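**Student:** Shown below is the structure under consideration.
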Amino acid sequence: MSTPHAYARQHSERSLNQLFDFIRIPSVSTLPERAADVRRAAEWLAANLSQAGFERVEVVPTSGHPIVYAEWMGAGPSAPTVLVYGHYDVQPADMADCWDSNPFEPILRDGFIYARGASDDKGQVFAQVKAAEALLATGGAPVNLKFIVEGEEEVSSLHLGDFVRQNAERLKADVCVISDTGMPSIDQPAICYSLRGLAYMELHVWGPAHDLHSGSYGGSVHNPAQALAEIIAALHKPDGSVSVPGFYDDVLPLSPEERAAINQRGMTEEAWRRETGADQPWGEAGYTIEERIGARPTLEINGMVSGFYGDGAKTVLPARALAKISCRLVANQNPQRIYELVRDYIAQLTPPTVRSELRLLHTGAPAYTDINTPAMRAAVVAYQKQWGASPIFIRGGGSIPIVADFQTQLGLPVVLLGFGLTGDGAHGPNERFSVEMFHRGIATAIQFFQEISQS
């Protein structure tokens, strides 16, 4: 009988073609017109999990997008149980966003798959599926397996928290593993042990009752677009820090040892410019690029709209303006409290010539993982054996909202076993995923399951 690693190599081309089929489904969770595609992606994944050998596979409906649940308990009650989490929904993507090719028609170029969701998170979670298939096809896994793959991660996991709380017994496990993070380079594996939380908000500013002719009323009406810009400009200080009173009150200080660990990746400004395409770094003074990305909270403007922005000219004085604002939060910060602080400060900043309202859309708690658990040691060994290098530990700048629920509701240690690259361009145009990383990811996931069975 073939070994799991040999099986994965023998079926590598089929696995890659299946990943392409998965990526082609435009499962954009935030767009109502894509709801049928999100459902189609869930059903496709469920069918693939069934073919992989899972005993029980369900597409669980929610009042939003469905959750895919699968389990294989053939290792027996004395074996550890691993809960694998991922998401099949993706961010919006359009050729107008400066994509070089159709974002939902994956293409191979220079060893990378270019497509929306290739790295975040279809490629990474599918590596876990293929690892499970390789084990089940060659005599069975050494651990019991439970998969939970949601369709709402990109909209802050709106209904997964309720599902976890209502199904705590069904989801009972010894460890949770998630593949949805990146590493600095293909030669340097990394384990993310901290994720930032999220408070996502929408700022509305109103002025006149309706759009006005700027020639007739300009100069006498405070333009809501201008008022919005003035409010937003006041949310940061000249040194790059957030000006909201109390914003940093609950942030835990970094010890010298932790700062040294965070900066061991040693990202240079040249590498940063290459990844971002920006001219020079910006941000909170007194902190390195690495610390700004993973260890400090932020306030970002994700989008602005007001008035006329089509081709040509229209001398309109708009009646309203809108901005999307997100705060990435670090351990010990509470998303609800941060929203209230930002809301109250914006109320102070709003001049009497306009009206404003800050609405809270989504939240996610920050998460922190102990790097000294047996599960984390199993991850280190898995990377060492399959990557040929010891992983470094890094703080992640992004958010995976459900991690905190797995820790608090299920009491699970969480291992972020990522197979992406920090330069994959998740959420941006020309998102990509390395084919080599996909296959190494399958091998590393197989190894992790084997290592955890002995820990």
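The values are calculated or read from the model by the stated rules, or taken from the named source; none is laboratory data. The shown structure was predicted, so the numbers you read here are calculated from the model rather than taken from an experiment. Don't worry about glycine lacking a Cβ; one is built from the backbone with ideal geometry, like all the others, and counts go over all protein chains shown.
**Student:** Of everything in the range 414-435, what is part of a loop (DSSP other than H, G, I, E, B), farther than 14 Å from Ala115 by Cα and modelled with pLDDT of 95 or more? Give them in sequence order.
**Tutor:** Leu417, Gly418, Phe419
**Student:** Please tell me if Gln384 is part of a helix (DSSP H, G or I), free of Cβ contacts under 8 Å to residues at least 12 places away in the same chain and either within 24 Å of Gln333 (Cα to Cα) or out of contact with any Phe, Trp or Tyr (no Cβ under 9 Å at 6 or more places or on another chain) (or both).
**Tutor:** On the way: part of a helix (DSSP H, G or I): yes; free of Cβ contacts under 8 Å to residues at least 12 places away in the same chain: yes; either within 24 Å of Gln333 (Cα to Cα) or out of contact with any Phe, Trp or Tyr (no Cβ under 9 Å at 6 or more places or on another chain) (or both): yes.
The answer is yes for Gln384.
**Student:** Give the residue, chosen from Ser63, Ser78, Ser50, that is within 20 Å of Ile402 (Cα to Cα), not in a strand (DSSP E or B) and not β-branched (Val, Ile, Thr).
**Tutor:** On the way: Ser78 fails: within 20 Å of Ile402 (Cα to Cα); Ser50 fails: within 20 Å of Ile402 (Cα to Cα).
Within the list Ser63, Ser78, Ser50, the selection yields Ser63.
**Student:** Give the residues of the range 219-268 that are aromatic (Phe, Trp, Tyr) and surrounded by 17 or more Cβ atoms within 10 Å (Cβ to Cβ), sorted by residue number. Even if it seems obvious, please write down each step before you answer.
**Tutor:** Here is the first cut: in the range 219-268, the ones aromatic (Phe, Trp, Tyr) are 247-248.
The one that is aromatic (Phe, Trp, Tyr) and surrounded by 17 or more Cβ atoms within 10 Å (Cβ to Cβ): Phe247.
**Student:** If you scan the range 260-279, which residues turn out to be within 21 Å of the chain's Cα centre (by Cα) and of a type in the set (S, T, N, Q)?
**Tutor:** Selection gives Thr276 alone.
**Student:** Of all residues in the range 144-179, count the ones that are farther than 24 Å from Ser63 by Cα and either outside the structural domain of Pro413 (by TED's automatic domain parsing) or crowded, with 19+ Cβ neighbours inside 10 Å (or both).
**Tutor:** Matching residues across the range 144-179 total 8.
**Student:** Ala127 fails exactly one of the following numbered conditions: (1) crowded, with 24+ Cβ neighbours inside 10 Å; (2) in a loop (DSSP other than H, G, I, E, B); (3) small (Gly, Ala, Ser). What is the number of that condition?
**Tutor:** (2)
**Student:** Out of the range 237-276, which residues are touching a helix residue (DSSP H, G or I) at 6+ places or on another chain (Cβ under 8 Å), in contact (Cβ under 8 Å) with a residue 60 or more places away in the chain and closer than 15 Å to Gly294 by Cβ?
**Tutor:** Ile262, Arg265, Met267
**Student:** Would you tally the residues in the range 188-208 being surrounded by 21 or more Cβ atoms within 10 Å (Cβ to Cβ), over 14 Å from the mean Cα position of the chain (by Cα) and not in a strand (DSSP E or B)?
**Tutor:** The total comes to 2.
**Student:** Quick one: which residue in Glu33, Glu13 is surrounded by fewer than 14 Cβ atoms within 10 Å (Cβ to Cβ) and within 23 Å of the chain's Cα centre (by Cα)? Can you show your working first?
**Tutor:** Numbers: Glu13 fails: within 23 Å of the chain's Cα centre (by Cα).
Just a single option satisfies the conditions, and that option is Glu33.
**Student:** Name the single residue, out of those in the range 312-355 being basic (Lys, Arg) and assigned to a strand (DSSP E or B), that is farthest from the chain's Cα centre (by Cα).
**Tutor:** Per the criteria, the residue is Arg355.
**Student:** So, in the range 61-73, exactly how many residues are crowded, with 16+ Cβ neighbours inside 10 Å and either in contact with a helix residue (DSSP H, G or I) (Cβ under 7 Å, 6 or more places away or on another chain) or among the small types (Gly, Ala, Ser) (or both)?
**Tutor:** Number of matching residues: 7.
**Student:** What tally of residues in the range 232-245 results from selecting those that are within 30 Å of Val316 (Cα to Cα) and in contact with a strand residue (DSSP E or B) (Cβ under 7 Å, 6 or more places away or on another chain)? Write out each step before concluding.
**Tutor:** Of the residues in the range 232-245, the ones within 30 Å of Val316 (Cα to Cα) are 232-236.
Okay, now just the ones that are also in contact with a strand residue (DSSP E or B) (Cβ under 7 Å, 6 or more places away or on another chain), so 232, 235-236.
Count: 3.
**Student:** OK, next. Quick test for you: out of Ser157, Ser101, pick the one residue that is in a loop (DSSP other than H, G, I, E, B), within 16 Å of the chain's Cα centre (by Cα) and more than 30 Å from Ala225 (Cα to Cα). Explain how you work it out, then say what you get.
**Tutor:** Values: Ser101 fails: within 16 Å of the chain's Cα centre (by Cα).
Residue meeting the stated conditions: Ser157.
**Student:** Further question on the same structure: Is it the case, given these coordinates, that Ser214 is hydroxyl-bearing (Ser, Thr, Tyr) and surrounded by 22 or more Cβ atoms within 10 Å (Cβ to Cβ)?
**Tutor:** Values: hydroxyl-bearing (Ser, Thr, Tyr): yes; surrounded by 22 or more Cβ atoms within 10 Å (Cβ to Cβ): no.
So Ser214 does not fit the description; no.
**Student:** If you take the residues in the range 406-426 that are more than 17 Å from the chain's Cα centre (by Cα) and either surrounded by fewer than 17 Cβ atoms within 10 Å (Cβ to Cβ) or of a type in the set (D, E, K, R) (or both), which one is nearest to Pro4 (Cα to Cα)? Lay out the reasoning, then the answer.
**Tutor:** Here is the first cut: in the range 406-426, the residues more than 17 Å from the chain's Cα centre (by Cα) are 407-413.
Narrowing the set further to residues that are either surrounded by fewer than 17 Cβ atoms within 10 Å (Cβ to Cβ) or of a type in the set (D, E, K, R) (or both) leaves 408-409, 411.
Values: Thr408: 34, Gln409: 33, Gly411: 30 Å.
Ranking the qualifying residues of the range 406-426, first place goes to Gly411.
**Student:** Any residue that is touching an Asp or Glu at 6+ places or on another chain (Cβ under 8 Å), closer than 30 Å to Ser434 by Cα and either hydroxyl-bearing (Ser, Thr, Tyr) or not assigned by TED's automatic domain parsing to the domain that holds Arg355 (or both) - is there at least one of those in the range 232-247?
**Tutor:** Within the range 232-247 (the criterion being touching an Asp or Glu at 6+ places or on another chain (Cβ under 8 Å), closer than 30 Å to Ser434 by Cα and either hydroxyl-bearing (Ser, Thr, Tyr) or not assigned by TED's automatic domain parsing to the domain that holds Arg355 (or both)), the answer is no, since none of the residues qualifies.
**Student:** Could you list, in sequence order, the residues of the range 52-91 that are over 25 Å from the mean Cα position of the chain (by Cα) and without any contact (Cβ under 8 Å) to a residue 24 or more places away in the chain? I'd like the intermediate steps shown before the answer.
**Tutor:** Pass one, the range 52-91, residues over 25 Å from the mean Cα position of the chain (by Cα): 52-56, 72-80.
Listed by number, the residues that qualify are Glu55, Arg56, Pro77, Ser78.
**Student:** Further question: Identify, from the list Pro401, Pro429, Pro374, the residue that is surrounded by fewer than 24 Cβ atoms within 10 Å (Cβ to Cβ) and either more than 24 Å from Gln18 (Cα to Cα) or more than 20 Å from the chain's Cα centre (by Cα) (or both).
**Tutor:** Pro374
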